């Protein structure tokens with residue numbers, strides 16, 4: 001009887017949480033419709049101020065839904081992950097949730113499974129004609145893609161995976177943010193863990209210095225010379241040059257992922273990623 005009574009007490013709490021999420025979605029969509037601009041309509045100071053106030057109101061609603069992060073040392077309340085409510089504006093359409101800063105170089109985004117599922121469904125519609133920018137509809141599969149984090153966390157630069165980090169109970173990768181292809185040194189970890197009805201997405205600077213892998217960088221250097229030589233022969237064949245560099249970029253990162261496990265920095269990255277998963281378990 002005590003167990004039954006406890007379960008009955010949980011029903012109103014679950015209904016209340018669902019209602020709060022529905023209210024948030026309704027408010028968010030209403031604001032998006034309010035700030036929908038006409039063709040070539042500028043974003044005035046008045047619009048910007050009203051949009052900021054709308055996000056502040058949504059932030060309060062999200063704080064009711066999420067509450068505390070559940071992460072020791074994280075401040076309360078968190079900040080809304082949305083950067084804009086103006087369709088077409090940079091930062092529009094990010095994943096609904098709260099961001100909590102945990103130290104100078106680490107933060108965690110917290111959202112609910114319901115909000116995550118809604119957002120993924122909306123993203124499937126947005127990218128149905130551009131699969132190169134989309135990701136699978138299944139949560140577990142989506143969390144293993146770069147595009148998911150690019151669309152969920154920040155639109156100003158693409159999340160580019162250099163290495164998968166093995167963890168139990170989550171997904172982890174060593175990444176960099178970039179706006180163009182070509183070599184760069186990855187310095188950030190993304191770690192995602194789905195725990196019960198919550199998704200936690202960590203972004204943390206790698207504690208151990210990551211170095212470029214010479215054999216992998218050489219693949220790009222060689223391809224770059226080949227592309228430049230081709231450009232001199234045929235200046236109009238930019239597509240061929242671009243294809244050479246795109247293939248070299250993919251090969252370079254594949255090489256890095258294959259060789260990273262043997263590098264001195266890798267065990268420290270694994271430990272850091274596992275610690276982040278454990279903090280939300």
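The values are calculated or read from the model by the stated rules, or taken from the named source; none is laboratory data. Here the structure is a predicted model, which means the values were calculated and not measured. Neighbour counts are summed over all protein chains in view; Cβ atoms, including those assigned to glycine, are modelled from backbone coordinates with ideal geometry.
Worth pointing out:
- Filter pass, residue 241 being outside the structural domain of residue 176 (by TED's automatic domain parsing) and modelled with pLDDT of 95 or more: no
- Residue 36 vs. criteria in a loop (DSSP other than H, G, I, E, B), in the same structural domain as residue 111 (by TED's automatic domain parsing) and modelled with pLDDT of 85 or more: yes
- Residue check for residue 280: modelled with pLDDT under 95 and closer than 30 Å to residue 98 by Cβ: yes
- Test result for residue 74, surrounded by fewer than 16 Cβ atoms within 10 Å (Cβ to Cβ) and either modelled with pLDDT of 95 or more or farther than 24 Å from residue 54 by Cβ (or both): no
- Meets criteria (closer than 28 Å to residue 188 by Cβ, out of contact with any strand residue (DSSP E or B) (no Cβ under 6 Å at 6 or more places or on another chain), at pLDDT below 95 and surrounded by 13 or more Cβ atoms within 10 Å (Cβ to Cβ)) for residue 224: yes
- Cβ-Cβ contacts under 7 Å between residues 6 or more apart (or on different chains), taken from a first residue in segment 246-257 that is free of Cβ contacts under 8 Å to residues at least 60 places away in the same chain to a second residue that is part of a helix (DSSP H, G or I), are listed as 248/219; 248/220; 248/223; 251/219; 255/215; 255/216; 255/219.
- Residue selected from segment 48-93 under the condition more than 21 Å from the chain's Cα centre (by Cα) and touching a residue at least 40 places away in the same chain (Cβ under 8 Å), by the criterion nearest to residue 108 (Cα to Cα): 72
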